[in-house]
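The structure appears below as structure tokens.
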Amino acid sequence: MKIVVGADHGGYHLKEEIKKRLIEEGYEVVDAGVEEFRDVDYPDIAFKAAEMVGRGEVELGILMCGTGIGMCNAASKVPGVIAALCTNEYMARMSRLHNAANVLCMGGRVVGPELAWSIVKTWLENEPLYDEKRIRRRKKIEDYVPG
Ligand code: RB5
């Protein structure tokens, strides 16, 4: 499976850790930056990575900033992307089952590397539910037109 990872300075160190572990587990990882620890604008990285998911070039994305909030806000604007900010394994599992999230967001200043890795593993182990109820609810978001 091909996964894109991305982070700003707030998530850089966590990204490096998660990337290393994903590669060790045999995942194909694309790194959307930031390529070294320096101050960058999180939307630039979020859009670069999320667009890869939206275009289907990679299956899933994992984005990290200080809180995970900015990455989640930005990635959610990209067509075809469902981003979810997760701070524990339960959120990770439900974001796949109920929300069909294809981008996981985490905060490098919120979760430590061990919890983050546990969140990532849980997220990757779960698949979206495709029952009528979940499809209907997700479609309502997809079809939303500003009134
Ligand atoms: C950068 O300092 C910080 O604002 C960013 O990493 C992120 O937490 C934004 O949501």
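Data table
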item: Protection-proxy order for peptides 120-128, 133-141, each taking the mean of Cβ atoms within 10 Å per residue, highest first; result: 120-128, 133-141
item: The chain: relative contact order as a whole-number percent, Cα under 8 Å and 6+ apart; result: 24
item: Cα-based radius of gyration of region 65-146 once divided by 2.2 N^0.38 Å, which approximates compact folds; result: 1.11
item: Where only alpha carbons of the chain are counted, the Rg and the Dmax (Å); result: 14.3, 48
item: Packing-based order for 84-94, 102-112, using average beta carbon neighbours within 10 Å, highest first; result: 102-112, 84-94
item: Protection proxy ranking of 2-14, 69-81, 31-43 - average other beta-carbon atoms within 10 Å, highest first; result: 2-14, 69-81, 31-43
item: For region 12-147, with +1 on Lys and Arg beta carbons and -1 on Asp and Glu, the positive-most of Ala32, Pro113, Cys86 along the dipole; result: Cys86
item: Student exercise, the chain dipole from Lys, Arg, Asp, Glu Cβ charges, in Debye to nearest 20; result: 680
item: Charge context of Arg136, other residues only, Cβ under 13 angstrom, K/R +1, D/E -1; result: +2
item: Tyr90-Glu142 pseudo-label distance in nm [points 7 Å out on the Cα-to-Cβ vector]; result: 2.9
item: Where Cα atoms sit under 17 Å apart: lysine pairs in the chain separated by 8 or more or lying on different chains; result: 13
item: Whole-Hz couplings from phi, Karplus 6.51/-1.76/1.60, listed for region 74-87; x for Gly and Pro; result: 5, 4, 5, 7, 8, x, x, 9, 10, 9, 9, 8, 10, 10
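Only the coordinates and a few stated rules stand behind these numbers; no lab work does. None of these values were measured; they are calculated from a predicted model. All Cβ positions, glycine included, derive from the backbone under ideal geometry; neighbour counts span all protein chains shown.
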